[in-house]
1. Could you please state how large a percent of the accessible area of segment 1-97 is carbon and sulfur, counting protein chains only and using a 1.4 Å probe?
2. Take residue 389 and residue 190, extend 7 Å from each Cα along the Cα→Cβ direction, and tell me the distance between the two endpoints in nm.
3. From the cross-link list 83/369; 53/106; 36/83, which pairs have alpha carbons spaced over 21 Å apart?
4. Would you kindly enumerate the cysteines in the chain that have no other Cys beta-carbon under 4.7 Å from their beta-carbon?
5. Would you please report the Å³ per residue occupied by the convex hull of the alpha carbon atoms in segment 54-147?
6. What's the extension gain from residue 283 to residue 373 if we count 0.36 nm per residue and subtract their Cα-Cα distance?
7. In nm, what is the difference between 0.36 nm times the number of residues separating residue 131 and residue 6 and their Cα-Cα distance?
8. Can you give me the % of accessible surface on segment 113-207 that is carbon or sulfur? Probe 1.4 Å, all protein chains present, nothing else counted.
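The values are calculated or read from the model by the stated rules, or taken from the named source; none is laboratory data. Treat the numbers as computed from the prediction; the structure is a model and nothing was measured. Because the Cβ atoms are built from the backbone with ideal geometry, glycine has one as well, and the counts that use them run over all protein chains shown. Quick note on the areas: whole protein, heavy atoms, side chains included, nothing else; ligands and nucleic acids left out. Shrake-Rupley method; radii C 1.70, N 1.55, O 1.52, S 1.80 Å.
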Amino acid sequence: MMSDKNKYKVDEKGMYGRFGGAFIPEMLQPNIENLKNVYLDIINSDAFQKEYKSLLKDYVGRPSPLYFAKRLSEKYDTNIYLKREDLNHTGAHKVNNTVGQILIAKHMGKDRIIAETGAGQHGVATATACALMGLRCVVYMGEIDIKRQAPNVARMKMLGAEVVAATSGSKTLKDATNEALRDWICNPEDTFYLIGSVVGPHPYPDMVARLQAIISEEIAWQIKEKTSKDYPDYVVACVGGGSNAAGSFYHFMDDERVNLIAVEASGMGVDSGETAATIALGDLGVIHGSKTFLMQSDDGQITEPYSISAGLDYPGIGPLHAHLHDTKRASILSATDQDALDSAMELTQLEGIIPALESSHALAVLKKKKFKKNDSVVITLSGRGDKDMETYMKHFGF
Ligand SMILES: *Cc1c(COP(=O)(O)O)cnc(C)c1O
């Protein structure tokens, strides 16, 4: 029987309620078993914690500030705090996870890292951590994505990674994933597969959530320092796969006083056919080795997602978030491209912070929900907007 306290944590079988698990080809079983058997012992060891915390502090630049956004708060007549993951080294939350998994790989004696990437953000965060540790790095990327994301491809190469084009199928993320899995099957001895969000077969969703949990660990003490209460009334984050949201929620999941809101990207609109609103549209299925909600056609083909923000355009959602939705522990809202653009401009002009397009979806909550005057609302700013300037220029006509 699951204790009440761990209602939202993964169980021994790798399930979050009816979601999660490890639906993988038999040839991958040994790799996954091996990781599953060691990851908790490594993460909980003193040696890992010491090195991880030290790198988070001096390399990533943590703790990231919890910033009281005064002018934004005045406008919405509530108290808005921004969790500044945009100030991390490399400009987003992804590095918390890649630095952590690189250390796990090192503890397992692996010296070759593989990853897949869509827009290139996870590829860059992975190549960064590999350069830091002097490990070999191979990043699989769809041929079309390589053309679309030239600056990130250049960053990865400069960081010493080998970028391999996936040339099959739609030549995008899911084809890159297939190539990475094939590589892992062929190289079980020396290779560690580094996944970028709370997705994939167990234990990845739990492992990545634990590595991103530093976000809520910091929010908990930071909010206490800044307000008269030791918890926020709301925590809000955007969801692609769900890692910055999982990290922002982690230490509050069992505290029902804290309302959790995840915002997914509805692109041109939930019913437009050009969307990534997985919870709004999705049904149960298996994607990337995990049972969860995903967007699929009537005959069970995964639908190509769309969002203005490359980091949110994923056709599934992590099993933890499917469970948080199923149990009504979290509310899942959605924001369109236009909502995100409006919120990006608003934050920039009221606070002097240019947010990533992904994070702008979380900010759009302010236009969708009325908060009370005394509420403290923490919104995770998952990344900075430098990478999105081209999109902003196009849409705002600069
Ligand atoms: C990748 C990315 C996301 C989406 O990923 P999650 O796993 O859902 O957090 C959100 N924001 C930024 C800035 C990103 O780079």
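1. On segment 1-97, the fraction of accessible area on carbon and sulfur atoms equals 54 percent.
2. 4.0 nm
3. Working: 83/369 19 Å; 53/106 16 Å; 36/83 31 Å.
As for pairs spanning more than 21 Å Cα to Cα, those are 36/83.
4. 186, 238
5. Details: hull volume 11.4 nm³, N = 94.
Cα-based convex hull of segment 54-147, divided per residue, equals 121 Å³.
6. Working: separation 90, 0.36 × 90 = 32.40 nm, distance 3.72 nm.
Going from the current span to full extension adds 28.7 nm.
7. Details: separation 125, 0.36 × 125 = 45.00 nm, distance 3.68 nm.
That pair, residue 131 and residue 6, stretches by 41.3 nm at full extension.
8. Details: 1930 of 3470 Å².
The C+S portion of the solvent-accessible surface of segment 113-207 is 56 percent.
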